[in-house]
Amino acid sequence: MEKETEEKYQLIDSFVYLVGQYLPESQRAEISADLRQSIYEEIESMVEQTGEPVSEADLLAVIGRFGHPLKVANSYLPQRYLIGPDMFPIYTRLLRTFVTLAVVGLVGFGLLMSFVGDWQMGAWQLLGTGLEILMWLVFSITAVCIAIEFGGEKLKWYERWNPADIARNAVGPIDRSDVFTNLLSEGFFLLWWNDVFDFGEFITLSPVWQPYDLALNLIFGLSFVLHAYILVIGHWRRFAMIAEVVLFSATVGLGLVLITGDPLVVVSGELAEAGAAGFIDKIIRSIVIAIVLFTLWDIYKGLKMWRGGYDAGIGVAK
């Protein structure tokens with residue numbers, strides 16, 4: 001019975017988490033605490049009136065009266081211009097979603113062209129193309145949202161929301177900068193590893209990497225897809241957190257195998273003549289060690305969050 005009650009009341013935590021992802025970090029703790037208190041006050045009032053325990057249907061009804069998480073978050077925020085208060089949360093969500101999809105599409109296109117046509121492009125050309133696509137996306141989404149705002153179009157986004165759709169297994173909000181950095185670094189690695197671009201002919205990877213070609217593609221490819229998914233939905237779910245811990249553990253294991261083996265790079269040309277091979281290999285090895293250490297820290301944070309001990313300023317997941 002206690003477990004059933006705990007699962008019912010997790011709906012409130014999940015709802016507050018969803019609202020919190022649309023709030024500025026500096027205001028998230030205070031607003032989320034106020035929102036949670038308001039919900040519990042309504043529940044207490046309902047119990048006093050009916051004299052009956054609160055059912056899951058009652059909880060959904062209370063949460064439903066507060067409205068869509070985007071709308072609730074917006075009610076705590078100041079008035080914006082050009083894009084009004086009803087439209088602004090949707091505008092930011094669209095930006096996040098389409099920027100993430102653009103990164104995924106660019107990496108996917110590069111990998112596909114590399115596999116089917118041995119296609120390559122320079123690193124700077126890739127960066128320039130990516131920035132150009134992002135600029136056009138931001139401009140287009142902004143223009144559409146401004147047009148909707150000034151056209152007086154009634155938004156049905158909020159009316160279609162159903163509180164029963166709350167993710168029961170939400171763990172907590174994401175650190176968008178951290179997840180987006182992971183997404184970019186994984187996409188960069190996939191393009192480089194699959195020869196979409198390179199940094200010159202004087203430094204190449206040694207044969208020690210070749211047995212792990214499939215493993216590296218799987219680990220970084222799945223991590224790339226996972227982080228894109230998390231950026232789009234805006235919060236961690238338990239299965240996603242478990243998946244990240246598993247993938248990151250595989251990354252650590254592979255990294256430890258590589259740094260204890262033969263030289264990681266082959267140096268040729270002028271660099272080899274200058275005797276820089278050992279120094280460059282130490283640099284590459286140090287980078288792999290740094291990646292392993294950062295990944296271990298991410299695993300620790302993921303396990304802590306999964307166990308329910310993660311306090312992101314909007315409450316602790318139960």
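Here are the numbers for this structure:
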quantity: Heavy-atom SASA rank of TRP136, TRP209 (probe 1.4 Å, accessible area, largest first); calculated: TRP136, TRP209
quantity: Peptides 238-247, 35-44 ordered by average Cβ neighbours within 10 Å, highest first; calculated: 238-247, 35-44
quantity: Förster radius 51 Å - calculated FRET efficiency between GLU41 and GLU132, Cβ distance, rounded to 0.05; calculated: 0.50
quantity: Length added when fully stretched, VAL225-ASP213, from 0.36 nm per residue minus Cα-Cα; calculated: 2.5 nm
quantity: Interchain or long-range residues, amide H under 5 Å from VAL265's placed H; calculated: SER206
quantity: Label-to-label distance, nm, for residues given as SER75 and LEU296 (7 Å Cα→Cβ offset); calculated: 4.8 nm
quantity: Radius, Kirkwood style, for region 207-262 when every pair of distinct Cα atoms is counted (Å); calculated: 12.3 Å
quantity: Listed peptides 47-53, 231-237 by packing density, highest first (mean Cβ within 10 Å); calculated: 231-237, 47-53
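The values are calculated or read from the model by the stated rules, or taken from the named source; none is laboratory data. All values reported here derive from a predicted model rather than from experimental measurement. Don't worry about glycine lacking a Cβ; one is built from the backbone with ideal geometry, like all the others, and counts go over all protein chains shown. These accessible areas exclude ligands, DNA and RNA; they are computed on the full protein's heavy atoms, side chains included. Shrake-Rupley method; radii C 1.70, N 1.55, O 1.52, S 1.80 Å.
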